[in-house]
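Here's the structure, in structure tokens; my notes come after.
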Amino acid sequence: MAFPPRPAWVNGNSLTGNVFDIIADFLSNDRKASRSASELTSLFLPYTSTIKETENVQCLWGTIFWLASNFHPGATEHWLLTELVQEIQKIPAPPGNGVKQDQEQTGQEWWTDLPGWRSAWADFECDAPLVPRMMSREGAEQTKSTLFTPGPWRSGDGNPMSGQAWANLNAFAAKLHARTDLDFLDLAGLYALLEALEQEISSKDLDNVVPAAACWILSAGKEIRENDEEHDVDENGPVETKRLPGSRGGLYKGPKGFSDERWAFWKSRFAELSKRADLNQNTRLFATQALDEMTCIEVRN
């Protein structure tokens, strides 16, 4: 797949432009991930004095997400980006009061826990082809503004990204989930499966979200199957309003969080969708592949 052209939004900010150029050079040439990770994290050393300054790190993840969304699930670039992120995790936390305060407040370690990742991911979810759109949901946390959210990578016309781009992005996140122990990636996978399989939505909307859900099974199905986090909270958190770790879609009535019952429900839904004549061939293929992978995972376990 051809490398995407340099987007116009990277030209308005020198930091973002430098981030993009380093990552593009890494993906296009035979460069070591460790060297590129060092160069990228060094760019943020001047932005560590205050917590507000540290929000600049979101442009790193936003750029990576944008690039990931431009490559198909099986692309080599996804594995390269995964390797790059893992090398970033090895970089020692930078000095600076802002970093220290952020670590104390969040309990997360720079760069190990990928600071700013969740805010940037939530920003991309605002452009995802979900039903209803994230920004229209009551109490959506994505409405919070930071230095890079809403990000320059966001759709300028208000239209959602394509279902293909959403699948590409989730395929990258799923690959990273299979190679790291970052708990917030569990939730990204849970939400993708919830959005695609636990709601009664139109065939057009299913075409936009089922491939993304299938990518989580295809790249991180074993990790999802072995996850037993219940996320047992008092609120149901329906998809139409706030989406919480304990949320469930209207079609699913079982335990919240991850469970054998929910896994079985997802499997039955993939089986159903793989035979739906009103879905496009690509969607049915992804559903079939996810169904087969779930069966294989069960046999291996």
Show the residue pairs meeting these rules: Cβ distance below 7 Å; 6+ apart or different chains; first residue within segment 259-286 and outside the structural domain of A212 (by TED's automatic domain parsing); second residue of a type in the set (A, V, I, L, M, F, W, C). none
Options E39, E77; residue that is surrounded by fewer than 18 Cβ atoms within 10 Å (Cβ to Cβ) and in a helix (DSSP H, G or I): E39
Filtering segment 110-148 for residues that are surrounded by 23 or more Cβ atoms within 10 Å (Cβ to Cβ) and modelled with pLDDT under 90 leaves a count of 1
Considering only segment 162-215, state which residues are among the charged types (D, E, K, R) and either in contact with a His (Cβ under 9 Å, 6 or more places away or on another chain) or crowded, with 24+ Cβ neighbours inside 10 Å (or both). K175, D186, E195
Cβ-Cβ under 7 Å pairs, at least 6 apart or on other chains, segment 78-92 side in the same structural domain as D30 (by TED's automatic domain parsing), far side at pLDDT 95 or above and charged (D, E, K, R): H78/K175; W79/K175; T82/K175; T82/R179; Q86/R179
Note on segment 12-36: residues exposed (fewer than 15 other Cβ atoms within 10 Å of the Cβ), closer than 19 Å to T146 by Cβ and at pLDDT 95 or above are S14
Test Q103 against the criterion of being over 21 Å from L67 (Cβ atoms) and either surrounded by 20 or more Cβ atoms within 10 Å (Cβ to Cβ) or in contact with an Asp or Glu (Cβ under 9 Å, 6 or more places away or on another chain) (or both), and give yes or no. yes
Within segment 140-152, is even one residue assigned to a helix (DSSP H, G or I), touching a strand residue (DSSP E or B) at 6+ places or on another chain (Cβ under 8 Å) and either of a type in the set (V, I, T) or outside the structural domain of G257 (by TED's automatic domain parsing) (or both)? yes
Selection over segment 93-124 where residues are assigned to a helix (DSSP H, G or I) and touching a residue at least 12 places away in the same chain (Cβ under 8 Å) yields a count of 14
If you check W66 against the conditions, is it part of a helix (DSSP H, G or I), surrounded by fewer than 19 Cβ atoms within 10 Å (Cβ to Cβ) and not aliphatic (A, V, I, L, M)? no
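The values are calculated or read from the model by the stated rules, or taken from the named source; none is laboratory data. Everything numeric in this text was worked out from a predicted model, so none of it was measured. Every residue, glycine among them, receives a Cβ derived from its backbone with ideal geometry; neighbour counts consider all protein chains shown.
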